[in-house]
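The structure under discussion appears below in the form of structure tokens.
The values are calculated or read from the model by the stated rules, or taken from the named source; none is laboratory data. Please read these numbers as outputs of a predicted model, since none were measured by experiment. As a convention, Cβ positions derive from the backbone with ideal geometry for all residues, glycine included, and neighbour counts pool all protein chains shown.
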Amino acid sequence: MNDRIPTGSERLDEILEGGLLKNAINLIVGIPGSGKTILSQQIAFRNATVEKPALYLSTLSEPLDKILRYGEGLSFFDQAALREGRLVYEDLGQQLGEGGLDGILETIDRHLRQVRPGIVVLDSIRAFHAMASDIGAFRQFLYGLLRRLGAASTTAIWNAPYTRAQAQSEAEFAVADAIVALDIKQMADREVRVLQVMKLRGSGYRSGEHSYRVTSAGIEVYPRLAEVQVEAPYTLSEKHSATGVAALDELLGEGGYWEGSTTLIVGPSGIGKTLMGLHFLYHGAEVGEPGILATFQENKTQLERVVGSFGWSIDNPDVHVHARGVVDVNIDQWVYELLALVSRTNAKRVVIDSLPDLQTAAGDAVRFREWVFSLTQRLTRAGVSLMMIVEVPNLFQLDRISENGISHLADNVILLQYVQEGSELSRGLTVLKTRAMPHRPVVHRYEITDKGFALGDGLPLGR
């Protein structure tokens, strides 16, 4: 198995199945502004030691003083590492026009002998192209560079301002043992940063595009939530999670949903979908099952008035609010925040209000369905009951429940709808689907009172 070095990002290491390759050539490519220099420095600081320092060589991509000035604002930038010689910055830019590529190799040779580094960063390798008379001369330079780095038993981090398509046609691509591509993609009016492992010699890795953000802590990565179907058996709970509406528990026949199941609450605006989620969460708090309301609909101040009007408290220690706006939401970052909150609070119930908000942010229908499948699988295995709220445009008769086959991923589907009775509108509830439980899909009248849901008798449907 290949030895690895950490990148300074635990989740990036997960994608790489342990980190970048040690004593190998690791190439980081991406368009200008994608974060190549930040990631390169992040890796250097994470692995720099007194015994095996990191050597950071800048070329013509950016002046060294500029790299240092902006780098000092990042939380991983450790001035003590520079004072103690754990990390050494050198500027090759001045030598680029003097001794040619042979002069560069001599300069690198000298730094390798003086510093004896464990890691060498070249920022950027592309600057040497302009000094080569032709591709043959550049390949000869690369060969000489590889020999020197190999003899020094050092790990190389090269970066270059290439797109993913350009990188595949360059000589650096062929000699690199690992290639990580950073990119900025336009999705409607939003920009999304994505990371992809293009090559990792002799090793597996998580394929596909993964979201990331450039922060003051460096590169924060959010691996694509893509759970495979689990073949190994695992234990499903025999317990039920009561809904908080006694009459609905009776309709379900077994005292509520299966613990760890996924439920869709579907209905038009104003029908009481959020209220049903609140019933579920606050009843869970009463029976010792902490819960989370993950909402895009209201902030905590607005929710305080809503929950207070039904006799609940927003300050209940067993009901946690994860409120985010829909503007610039990244569904991969959001889901890792949610999963961290589930772990931190030992939550047993999660309500997402609402699913279409996340679908809009996803931008891709296939990707969104995979994301929902992965989330439901992960929570089911953890025994966490998930309720997802879906708003539909139809006030009365519905011809579809959800887009992209999301309803097929749910164990339970509860349909809320308006029913016209003469000049009045009544509210009707139907248990449309319950997996592994008997049910009757009858429309039941209900009212919203100061105590919340009050379920009544069957409701006759007119033509």
Any residue that is part of a helix (DSSP H, G or I) and either in the same structural domain as Leu39 (by TED's automatic domain parsing) or at positive phi (or both) - is there at least one of those in the stretch 151-162? yes
Note: among Val342, Val413, just one is modelled with pLDDT of 90 or more and closer than 18 Å to Leu264 by Cβ, namely Val413
Going by the structure shown, is Ile28 under 14 Å from Val180 (Cβ atoms), part of a helix (DSSP H, G or I) and hydrophobic (A, V, I, L, M, F, W, C)? no
Going by the structure shown, is Gly208 free of Cβ contacts under 8 Å to residues at least 24 places away in the same chain and not acidic (Asp, Glu)? yes
Scanning the stretch 1-25 residue by residue, the ones that are at negative phi and either part of a helix (DSSP H, G or I) or within 17 Å of the chain's Cα centre (by Cα) (or both) total 8
